[in-house]
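A.B. asks: I have a structure I would like to understand better, so I am pasting it below and will then ask my questions one at a time.
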Amino acid sequence: MKSVLIIGASRGLGLEFVRQYRRDGWLTLGTCRSPEQDALLTSVGATALRLDVADENGFANLAKALDGNSIDVCIYNAGVSGTRSANVVAPEAEDFDAVMHANVLGALRAIPVVAPALARANGTFAFISSRMGSIGLMSGSGSITYRASKAALNAVVKAASLEWGPKGVTCMTFHPGWVKTDMGGAEADIEPAVSIAGVRKVIANATPESNGRFFDYTGKELAW
Ligand SMILES: NC(=O)c1ccc[n+]([C@@H]2O[C@H](COP(=O)([O-])OP(=O)(O)OC[C@H]3O[C@@H](n4cnc5c(N)ncnc54)[C@H](OP(=O)(O)O)[C@@H]3O)[C@@H](O)[C@H]2O)c1
């Protein structure tokens, strides 16, 4: 049975990944931060693991669960948008830290814990970034902290691809589209089911040549 780990699985895109992988019969581990979310994940057939990616010691449980095991796919989905700004302005330090810790530091913590389990299965490590993190495609200056955090995440994924690609792990980063979730809002372009079906298809068709590249949910490659 194929296995998937979704980091940040409690709602929105993460929960949609859980639903779709379960529907296809995958062994599904999802991380969340509360007992209510444990129960939700269990009710859709996943195994719940408690993890706050911003907590320095948060990955100990996951490290124990993965020790010596292999997994086929991991999706680093956890992310926050922080306070939205119209211009290039300095955020409150607390706001900056919250965004960078969830979007970047959490990914850096996840990589050494998860990548060895993926390497045992020649698996795929997918990171949910955003087109807003693309420097090449940037066409606005709003939400600068979020943009900077996703650009930093992209750099982390590229570096991880150089290190883990030769060990059999395909590292990819994704723009999921503008999606109707708590973060995307009701005015967004597409439903989570469409976004996640697309991302899953790109992951399913990944080859070693996909390592270190940035795609959207339709499979179109994006500029860094
Ligand atoms: N929606 C869009 O249009 C859009 C566009 C581009 C990129 N993205 C990216 O897609 C990903 C998912 O976004 P979404 O739209 O589904 O947002 P969402 O509905 O706000 O969900 C965010 C998810 O991240 C988790 N999370 C946040 N901070 C965490 C932490 N410190 N530790 C563990 N989990 C944490 C949340 O868990 P809790 O429930 O515990 O808070 C929740 O499961 C994010 O990385 C986001 O940047 C979204």
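Just so it is clear, none of the values below were taken in a lab; they were calculated from the coordinates. None of these values were measured; they are calculated from a predicted model. Positions of Cβ are generated from backbone atoms using ideal geometry, with glycine treated the same way; all protein chains shown enter the neighbour counts.
A.B. asks: By how many degrees, 0 to 90 and rounded to 10, does the Cα axis of helix 192-204 deviate from the longest principal axis of the chain?
C.D. replies: 60 degrees
A.B. asks: What list do you get for I190, I7 if you sort them by fewest beta carbons within 10 Å? All intermediate terms of the calculation are to be shown ahead of the outcome.
C.D. replies: On the way: I190 16, I7 27.
Lowest to highest Cβ neighbour count: I190, I7.
A.B. asks: When the scattering of segment 33-108 is computed by the Debye formula from its Cα atoms alone, each counted once and equally, what is log10 I(q)/I(0) at q = 0.14 Å⁻¹?
C.D. replies: Calculated log10 I(q)/I(0) at the listed q: -0.60.
A.B. asks: Taking the mean number of other Cβ atoms within 10 Å as a proxy for protection, how do you rank 178-184, 104-110 from highest to lowest?
C.D. replies: Details: 178-184: 17.1, 104-110: 21.3.
The most tightly packed comes first, giving 104-110, 178-184.
A.B. asks: If packing is taken as the average count of other Cβ atoms within 10 Å, what order do 158-168, 87-97 fall into, highest mean first?
C.D. replies: On the way: 158-168: 15.8, 87-97: 12.0.
Packing proxy ranking, top to bottom: 158-168, 87-97.
A.B. asks: In degrees from 0 to 90, rounded to the nearest 10, what is the angle of the helix 144-164 Cα long axis to the longest principal axis of the chain?
C.D. replies: The two axes meet at around 40 degrees.
A.B. asks: Give, rounded to the nearest 20 debye, the magnitude of the charge dipole that the chain has about its Cα centre when Lys and Arg contribute +1 at Cβ and Asp and Glu contribute -1 at Cβ.
C.D. replies: 600 debye
A.B. asks: Okay, moving on. Order these by the 10 Å Cβ neighbour count, fewest first: I6, I203.
C.D. replies: Details: I6 29, I203 22.
The most exposed by this proxy come first: I203, I6.
A.B. asks: Also, I was wondering about something else. Quick check for the chain: number of Lys pairs with alpha-carbon distance under 20 Å, counting only pairs 8 or more apart or on different chains?
C.D. replies: Number of lysine pairs found: 10.
A.B. asks: Give me the distance between the Cα centres of segment 1-65 and segment 146-224, rounded to whole Å.
C.D. replies: 19 Å
A.B. asks: Moving on. Packing-wise, with mean Cβ within 10 Å as the measure, how do 134-144, 192-202 rank, highest first?
C.D. replies: Working: 134-144: 13.2, 192-202: 20.3.
Per-residue Cβ counts within 10 Å, averaged per peptide and sorted highest first, yield 192-202, 134-144.
A.B. asks: For labels at D189 and D24 in the simple 7 Å Cα→Cβ model, what's the distance in nm?
C.D. replies: If labels sit at D189 and D24, their model points lie 2.2 nm apart.
A.B. asks: Under the rule of -39500 (n - 2.57) per DSSP H run of 4 or more residues, summed and divided by the residues of the chain, what mean residue ellipticity at 222 nm is obtained, to the nearest 500 deg cm²/dmol?
C.D. replies: Values: 7 runs with 84 residues, N = 224.
So the calculated ellipticity at 222 nm is -11500 deg cm²/dmol.
A.B. asks: A further question on this structure: Note the angle between two axes, namely the Cα long axis of helix 106-119 and the longest principal axis of the Cα atoms of the chain, as a number of degrees from 0 to 90, rounded to the nearest 10.
C.D. replies: 30 degrees
A.B. asks: Let me ask something else about it. Roughly what would the spin-label model give for V88 and A155, points 7 Å off Cα along C-beta, in nm?
C.D. replies: 1.5 nm
A.B. asks: Also, quick follow-up: Tell me the volume per residue, in Å³, of the convex hull enclosing the alpha carbons of segment 3-216. List each step's numbers first, then the result.
C.D. replies: Values: hull volume 24.9 nm³, N = 214.
With only Cα atoms used, segment 3-216 gives 116 Å³ per residue.
A.B. asks: Would you mind computing Rg(Cα) / (2.2 N^0.38 Å) for segment 74-121, counting N as its residues?
C.D. replies: On the way: Rg = 14.3 Å, N = 48, 2.2 N^0.38 = 9.6 Å.
Ratio of Cα Rg to 2.2 N^0.38 Å: 1.49.
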